[in-house]
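Notes follow the structure.
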Amino acid sequence: MNLKDTYTSVFLKAADQPADEESIKKHKPIWWYNFRKKNEGGLRLTESGLQFIKEQAQIKTYQIDIDKNITLTPQVLVWLDQFIDSPYFVDKKQITVIRERIAFELHLFSGDIKKMGYAKAMNKRLRQD
């Protein structure tokens, strides 16, 4: 079972719905922006996934406003995909996460997701050298 399967199962159980293999297979393409298997990252939710988490599973979420000068370029989306290690939803105005630690990091960067992604990419690169 990969991470998306695990999260899908947790969301279904939190909503008191069956979390069998068939249910997970049914909900994964609806809830995840990229539902292919991936070793790390790739936890971007669709609007349907976020709605289910908030309304039916009633899991606490954290919303951080994105700096209005930030454009969601493909590079920014790739950084988010690589460096946010829990389910998240992003649109032009805000990013919604389910982990408090990630919310705090985003808050420290004042919602500048581009700056956060750049800082994390540089930090990863420095650790490799």
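The values are calculated or read from the model by the stated rules, or taken from the named source; none is laboratory data. Owing to the predicted nature of the structure, the values given are computational and were not obtained by experimental measurement. Here Cβ is always computed from backbone atoms with ideal geometry, including for glycine, and neighbour counts include all displayed protein chains.
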Of the residues that make up segment 37-44, is at least one within 24 Å of Asn2 (Cα to Cα), outside any loop (DSSP other than H, G, I, E, B) and either under 16 Å from the mean Cα position of the chain (by Cα) or free of Cβ contacts under 8 Å to residues at least 24 places away in the same chain (or both)? yes
Which of (1) assigned to a helix (DSSP H, G or I); (2) exposed (fewer than 13 other Cβ atoms within 10 Å of the Cβ); (3) at pLDDT 95 or above does Lys25 not meet, given it meets every other one? (3)
Look through segment 48-80, keep the residues that are exposed (fewer than 12 other Cβ atoms within 10 Å of the Cβ) and modelled with pLDDT of 90 or more, and return whichever of them is nearest to Thr96 (Cα to Cα). Lys60
Listed by first then second residue, the pairs whose first member lies in segment 1-29 and is at negative phi, whose partner is acidic (Asp, Glu) and surrounded by 13 or more Cβ atoms within 10 Å (Cβ to Cβ), with beta carbons under 6 Å and at least 6 positions apart or on separate chains, are Ile24/Asp5
Evaluate the following for Lys54: is it part of a loop (DSSP other than H, G, I, E, B) and either in contact with a Cys (Cβ under 9 Å, 6 or more places away or on another chain) or without any contact (Cβ under 8 Å) to a residue 40 or more places away in the chain (or both)? no
The lone condition Ala14 fails out of (1) of a type in the set (A, V, I, L, M); (2) buried (at least 16 other Cβ atoms within 10 Å of the Cβ); (3) modelled with pLDDT of 95 or more is (2)
Which residue pairs have Cβ atoms under 8 Å apart, sit 6 or more places apart or on different chains, and have a first residue in segment 104-120 that is under 14 Å from Asn69 (Cα atoms) and a second that is assigned to a helix (DSSP H, G or I) and charged (D, E, K, R)? Phe109/Lys115
